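The values are calculated or read from the model by the stated rules, or taken from the named source; none is laboratory data. What you are looking at is a predicted structure, and each value in this text was computed from that prediction instead of being measured. A quick note on method: Cβ atoms are made from the backbone with ideal geometry, for glycine too, and the neighbour counts reach across all protein chains shown. These area figures cover heavy atoms from the full protein model, side chains too; ligands, DNA and RNA do not enter into them. Shrake-Rupley method; radii C 1.70, N 1.55, O 1.52, S 1.80 Å.
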Amino acid sequence: MWLQLRCGLEPRTLAALAVVLVAAAVFAVVHFWSARPQSVRAPDPVSEGAHAPESDPRMDRGVDRAGTPDPSPGPPPTGGPGGRIVVDVSGKVRRPGIYPLPSGARVADALRAAGGVRTGVDLTGLNRARVLMDGEQVVVGAPPGPQTFGATGGAAAGGAAAGAGATTGPVSLNSATVEQLDTLPGVGPVLAQHIVDYRTKHGGFRSVGELREVNGIGDRRFADLQPLVRP
């Protein structure tokens, strides 16, 4: 009543002011109570083994939780059946014959298996670092000079050629040089180089039929060369 008479406030305004003051007092009390300092209890010590995951005995045996065994590395890959190849070593070697060799063996390994080459044999044109293939023949001591062929595609047997010691056998696709391949009918220096490039890229010729895959050799040219060459 004194405030109403002093300030000239109406009863409705006075009631609203009283509500605001009461609400402010309640907010101040709650804020003070929540901000008071409190004691904190230290956590209990926990041992390291309390939460360690239990080991699954199946994991120790190489089996996962789904029951699938872990993949194990298999044996190293081999280049042929059983990791072995068989080659025929002939010509001027100490022990010509057929020899089993490890897969990936080279011409030099085949020569050692045959007891080595004979004394004074010229190895020009024989690539001793070439990797061998199963079923391949290695001829040692073949003259590196060009071979002479007749018009019919067979080896020439003229008396002059025989007297000069010219080679009359088929040309080896795996050991012939570009110059030797150039002597074949229908084969020039470019095509001879294509044959050598194919041999280098694919590791040699496994059969005469692979000659069809060389760039520049069609069916007709292959028919002419087939009786004149060998792997």
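For the reader, a short list of remarks on this structure follows.
- Extension gain, V19-R206: 0.36 nm per intervening residue step, less the Cα-Cα distance, totals 56.6 nm.
- Charge context of G218, other residues only, Cβ under 14 angstrom, K/R +1, D/E -1: 0
- Each residue was assigned an accessible area with a 1.4 Å probe, and for V187 the value is about 10 Å².
- Accessible area of E136 in the full protein assembly, 1.4 Å probe (Å², nearest 10): 10
- Ranking by accessible area, most exposed first, for R41, R118, R130, R221 with a 1.4 Å probe: R41, R118, R221, R130
- Most to least accessible of R230, R95 (protein chains only, probe 1.4 Å): R95, R230
- Amide N proximity, segment 186-213 versus Q226 label position 7 Å along Cα-to-Cβ, cut-off under 12 Å: 208-212
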